[in-house]
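What follows is a single structure, written as structure tokens, with notes after it.
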Amino acid sequence: MAYDKFNILTSSAVPLPIENVDTDQIIPARFLKATKREGFGDNLFRDWRYNGDDTPKTDFVLNNVTYSGQILVGGKNFGSGSSREHAAWAVYDYGFRAVVSSFFADIFKGNCLNIGVLPVQVSPEFAEIIFNAIEADPKTALEINLPEQTITLLATGQKESFAINGYKKNNMINGFDDIDYLQNISEDIVAFADKLPY
């Protein structure tokens, strides 16, 4: 499934300075019955966002109108736990295009890259700088430049580089998932196949 192309994202950010956020907290298991990617954003962090009677928990950051944006800044070891790809679907469906953390669980990181959410891993020191900046000014903006592989705190110009697999980077810039990529090079595949001996 194709998704929006990712080039340079400039946005305010939502802070979630909690370590070891696992995929069951991101999207509880009882919401995994659907097979389509739509609708999972409604239940992103469901048990943290809502009380048992479905009323919003006012002290949770996603229910705080002070914070908004397309970037989620999480604590260390974000996306640990089970390998459910629905967790990445929920993040994307809610409206986040990037998640920033000082460490990601590998499977969650891969699932994000497969559906158009950019996981930006920064140093613990830079993560702390970002959290402090958002606390001081909730409207502070971050710039995530995928071609240059940099994240910048625009208010101060502080910047850090991040790593990404070259194939996944190209796919995100073009808005491709793995199938889109293969379809895009179908003529090359046919040409290569024609050269093979029978």
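The values are calculated or read from the model by the stated rules, or taken from the named source; none is laboratory data. No experiment lies behind these values; they were computed from the predicted model shown. Reconstructed Cβ throughout: ideal geometry from the backbone, glycine too, with neighbour counts over all protein chains shown. Accessible surface is based on the protein model in full, side chains and every heavy atom, while ligands, DNA and RNA are left aside. Shrake-Rupley method; radii C 1.70, N 1.55, O 1.52, S 1.80 Å.
For the reader, a short list of remarks on this structure follows.
- Selected residue (criterion: farthest from THR10 (Cα to Cα)) from residues of the range 63-80 that are in contact (Cβ under 8 Å) with a residue 40 or more places away in the chain, surrounded by 12 or more Cβ atoms within 10 Å (Cβ to Cβ) and of a type outside the set (Gly, Ala, Ser): ASN77
- Within the range 99-132, the set of residues being assigned to a helix (DSSP H, G or I), among the β-branched types (Val, Ile, Thr) and under 14 Å from the mean Cα position of the chain (by Cα) comprises ILE107, ILE115.
- Any hit, the range 41-62, residues being closer than 15 Å to PHE104 by Cβ, out of contact with any Ser or Thr (no Cβ under 9 Å at 6 or more places or on another chain) and open to solvent by less than 20 Å² (accessible area, probe 1.4 Å): no
- Among the residues of the range 81-103, some residue qualifies, meaning at least one is out of contact with any Asp or Glu (no Cβ under 6 Å at 6 or more places or on another chain), polar (S, T, N, Q), farther than 20 Å from GLN149 by Cα and open to solvent by 10 Å² or more (accessible area, probe 1.4 Å).
- One residue from LYS33, LYS76 being assigned to a loop (DSSP other than H, G, I, E, B) and closer than 26 Å to ASN132 by Cα: LYS76
- Selection of the range 1-26 for residues being among the hydroxyl-bearing types (Ser, Thr, Tyr), crowded, with 18+ Cβ neighbours inside 10 Å and over 18 Å from LEU62 (Cβ atoms) yields only TYR3.
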